[in-house]
Each structure stands twice: as C-alpha cells, then as structure tokens.
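> Before I ask anything, let me first share the structure, which is written out below as structure tokens.
Any read-out appearing in this document is the output of simple, stated calculations on the displayed coordinates, not a laboratory observation. This is a predicted model, so every value here is computed, not measured. Cβ atoms come from the backbone with ideal geometry, glycine included; neighbour counts cover every protein chain shown.
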Amino acid sequence: MMNPSEILEPTEGSILLVDDQPEQIDIIKSALEQSFIVKVAIHGKFVSQICRAGVIDLILMDVMMPGMSGYEICRQLKNNPETRAIPVIFLTSRDSTDDEAVGLKLGAVDFIRKPSSPSVVLSRCRNTIAHRRAKEALHQKNEELQQALQHSHHAMKIREDMESISRHDLKGPLSTIIGYPELLLEDDNLTEQQRSYIKSMERSGYTLLEMINRSLDLFKMENGTYILKPEKIDLLVILERIVGDLGIHSGPKRVSIFIEFPEGCDSLESFPIVGEKMLCYSLFYNLILNAIEASCDDGKVGTYLTTQNGNGIIRITNPGEVPQAILEHFFDKYVTSGKEGGTGLGTYSAWLAAKTQGGRIELDTSHSGETSVIVTLPSPA
C-alpha cells in the first residue's frame with residue numbers, strides 16, 4: 001500500500017481553527033501543525049480580523065461557539081467579498097442531517113464529527129485545500145484562455161499551459177483525494193454510511209481524473225480534429241451514476257432527480273445509444289447539474305427517455321425559466337447567469353459533445369415555469 005507521503009508532499013498553507021475548547025484546540029493543532037500554519041480564534045469576533053491580516057487557506061470552525069454560533073460566523077464570512085472564497089469545514093459533536101444541510105446551504109464544504117481521529121482531520125484539510133488550489137488554477141487558466149482567444153497568436157501558448165495543468169498541476173492534488181479514501185477504508189470503526197460516503201468520494205476522484213485527462217478534447221472538438229471512437233453503450237447506467245455523483249449538489253437543496261421511462265414501460269433494463277462513455281458522462285453531468293442549480297429548493301429534475309426514428313431522445317426538465325438575457329445564447333461559450341464563479345462552459349461543452357457524437361441538443365421553453373433541454377443521440381442499428 002502506498003503511503004500518503006509518497007502520493008503527495010504535505011500541502012503547505014494556513015488554517016484558522018475557530019474553537020473555544022482548549023483540549024480540542026490542542027488535539028487539532030498537533031494533528032495539523034506538522035504540515036500547516038495553524039492560527040486560533042476562540043471567539044467569532046476575531047475571525048474576520050484574522051482573515052484580513054493574512055492569507056487563510058481554510059477555516060475549521062466549531063458549530064457551538066460563545067457569543068455567536070459557527071453558522072452565524074460562516075454567514076458573515078460568505079457575505080464579505082474579502083472572505084467569501086475561503087472554504088469552511090464545520091466541527092460538530094451533533095449527529096444531525098438537518099444541521100449538516102444548514103451548514104452546506106450557508107456555503108460550508110464539509111463537516112467533521114467530534115471526536116474524530118487526527119489522521120481524518122488532516123486528510124480532510126489537505127484534500128480541501130488541494131481542491132481549492134486546483135480550482136483556482138483552472139479558473140485562472142480559463143481567464144487566460146478567454147484573453148488569448150482574442151489574440152490568436154497566444155492560442156498555442158494557452159493550449160500548452162492547459163496541457164501542463166491537466167497532466168501535472170491538477171493531478172498532484174488529485175492523487176491525495178484518490179489515495180486517502182483507500183487508507184480511511186482500512187479503519188474498522190466506520191459505519192456503513194461512512195464507508196458509503198468514502199467510496200463515493202473515491203469514485204468521484206477517479207471520474208475527475210478521467211475528465212482531466214480528457215480536458216484537451218474540448219479544443220479538438222472545437223477544431224474538428226477529435227477522433228470519435230463510438231461504441232454501443234448503456235446510457236441508463238451512466239445516468240444512474242450521474243444521479244448518485246450529483247447527490248452532494250442536490251441534497252442541500254432537497255432537489256429530487258428521477259429518471260422516467262417510455263410510456264407504458266414501468267422499468268427499463270438498458271437504454272442503448274451509440275457514442276463514447278466519458279463524453280456522455282460529461283454531457284449529461286453538465287446538463288443535470290445545470291438543472292439542479294436552476295431549480296428552487298425542494299424542486300424536481302426529471303430525465304425522460306424515449307426513442308424516435310432510430311435515435312435516443314433524452315429530455316432533462318427542471319422548474320424555472322431561463323433568463324431572457326441569455327435565452328438566445330444558452331449554448332454559446334462563456335454564457336452564464338446568476339452563478340458566482342460560473343465559467344459558462346457547461347452547456348457549451350454539452351452542445352459540443354452531442355454534436356461530436358452525431359447528435360444534437362436544443363432548448364425547449366414552451367411550457368411556462370419550466371425549462372427542458374432535449375438531447376438526441378444515435379441508437380444502435
């Protein structure tokens with residue numbers, strides 16, 4: 001078994017621990033200070049001041065704090081543009097899914113139950129900071145790409161930079177995200193639910209790795225140089241996997257996602273189409289995620305499967321209407337509305353993936369209060 005230190009060198013960074021219990025502070029500091037600079041605040045009123053005084057990569061915060069709760073501190077941080085981007089992990093001794101839903105809705109990225117082993121705290125912090133840095137690097141390269149596309153002589157330089165990120169900069173932090181679940185699963189003190197969460201994290205890590213490996217395909221599809229390797233695949237399996245992987249996004253909003261089969265069919269063993277598995281995964285992941293984000297709390301996202309004229313028809317429907325400002329440019333590159341940090345590449349890459357596989361994609365807003373995206377892909381002969 002590979003040791004975590006062989007997967008990735010300790011991630012350097014600064015962590016702010018917000019807790020008023022000396023024994024908890026000592027335990028967590030001892031677990032983190034070998035790899036991180038650890039700052040401590042014993043009251044919520046000091047948090048913003050510490051964040052403004054220097055770079056903080058992560059905030060570990062106890063839910064139960066004197067004066068103001070961890071939730072209230074988090075709300076203030078997320079309402080402040082200077083501290084909004086700092087990831088927050090809550091520490092709590094309470095075992096309540098309602099509490100967790102409140103924290104995630106406020107913008108926290110994770111919960112750690114107290115007491116928890118030092119190795120789990122360390123791995124959660126390391127993974128969170130690695131993910132944030134990878135996201136920041138990708139966002140920076142996206143901005144550079146937009147600038148370079150306005151000056152064609154820079155396009156090759158950006159392509160080389162993107163390849164460097166996908167093969168090195170992103171894979172480094174991701175190796176930790178993939179490696180630690182394997183170590184955590186060796187603990188015989190885990191509940192079945194905890195094992196399920198860890199296995200889901202591991203699967204998502206491998207999926208992300210595959211998507212990183214395929215990131216340059218976007219350029220090839222745009223340039224018409226992508227070499228498609230179509231095969232008969234079961235789209236139903238891919239859709240069911242996507243629904244599971246997107247639980248982290250649908251859960252906090254209590255959005256239910258369902259797959260509905262053709263009329264008169266109570267169940268479906270498979271839904272064969274012709275295409276590539278990873279292209280289809282990326283295509284429908286982006287569309288269903290977009291539908292979740294556009295839905296109100298307690299909304300329903302439906303995926304309807306039918307066949308027509310030798311093609312598979314997949315309709316993804318969510319409550320809500322597309323803003324008029326982007327209605328005519330819904331699938332255009334860099335078009336987004338109301339999403340902080342959104343790149344506007346999700347629906348565009350979905351359109352490219354459908355086109356590359358010999359299919360098409362269209363927007364249907366004919367029903368008031370509802371939006372549908374219809375994907376058509378070839379079925380096997």
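> If you add up the charges near ASN311, with Lys and Arg at +1 and Asp and Glu at -1, over every other residue whose beta carbon is less than 15 angstrom from its beta carbon, what do you get? Each step should come with its number before you reach the end.
Numbers: positive: LYS232, ARG315, LYS355, ARG360; negative: GLU362.
Spelling it out: positives minus negatives among the neighbours equals +3.
> Follow-up question, since we're still on this one. Quick one: which of 269-279, 321-331, 73-83 comes out on top by average Cβ neighbours within 10 Å, and what's the full order, highest first? Numbers along the way, then the final one.
On the way: 269-279: 17.8, 321-331: 13.6, 73-83: 16.1.
Going by the mean number of other Cβ atoms within 10 Å, highest first, we get 269-279, 73-83, 321-331.
> Per 0.36 nm of contour for each residue apart, how much would the distance between THR306 and GLU12 grow if the chain were fully extended, relative to their Cα-Cα spacing?
Full extension from THR306 to GLU12 adds 100.7 nm.
> Pairs LYS39/LYS78; LYS29/LYS105; LYS300/LYS333; LYS105/LYS333; LYS78/LYS253: which are spaced more than 22 Å apart, C-alpha to C-alpha?
LYS29/LYS105; LYS300/LYS333; LYS105/LYS333
> So which lysines pass the test for LYS199, namely a Cα distance under 20 Å, with those fewer than 8 places away in the same chain ruled out?
The reachable lysines, counting only those whose Cα sits under 20 Å from LYS199, are LYS171.
> Between GLU370 and ARG195, what length in nm is gained on full extension when 0.36 nm per residue of separation is reduced by their alpha carbon distance? Please list the in-between numbers first.
On the way: separation 175, 0.36 × 175 = 63.00 nm, distance 3.73 nm.
That pair, GLU370 and ARG195, stretches by 59.3 nm at full extension.
> Would you please classify the overall shape of region 14-94 from the alpha carbon gyration tensor, given that a ≥ b ≥ c denote the square roots of the eigenvalues, rounded means a/c under 1.5, and beyond that prolate means a/b larger than b/c while oblate covers the rest? Walk me through the numbers before you get to the answer.
Details: a/c = 1.77, a/b = 1.15, b/c = 1.54.
Oblate shape, in that a/c is at least 1.5 and b/c is the bigger or equal ratio.
> With a/c under 1.5 counting as rounded, go ahead and sort region 238-308 into rounded, prolate or oblate using the C-alpha gyration tensor (a ≥ b ≥ c being the square roots of the eigenvalues; past the cut-off, prolate if a/b is larger than b/c, else oblate). Don't skip to the end; give the middle numbers.
Numbers: a/c = 2.22, a/b = 1.37, b/c = 1.62.
It comes out oblate by the Cα gyration axes.
> So if I place +1 on the C-beta of Lys and Arg and -1 on the C-beta of Asp and Glu, and nothing else carries charge, what would the dipole magnitude of region 9-113 be about its Cα centre? I want it in debye, nearest 20.
Details: 10 positive and 16 negative charges, 94 e Å.
It comes to approximately 460 debye.
> Follow-up. On full extension of the chain, what length is gained from LYS105 through GLU321, given 0.36 nm per residue of separation minus the C-alpha to C-alpha distance?
On the way: separation 216, 0.36 × 216 = 77.76 nm, distance 2.22 nm.
Fully extending the segment from LYS105 to GLU321 adds 75.5 nm.
> How would you rank CYS296, CYS51, CYS280, going from fewest to most other Cβ atoms within 10 Å of each one's own Cβ?
On the way: CYS296 11, CYS51 19, CYS280 24.
With the fewest neighbours first, CYS296, CYS51, CYS280 line up as CYS296, CYS51, CYS280.
> Under a Cβ-only charge scheme (Lys and Arg +1, Asp and Glu -1), can you give me the dipole magnitude of region 231-378 about the Cα centre, in debye to the nearest 20? Please list the in-between numbers first.
Working: 11 positive and 19 negative charges, 68 e Å.
Value, rounded to 20: 320 debye.
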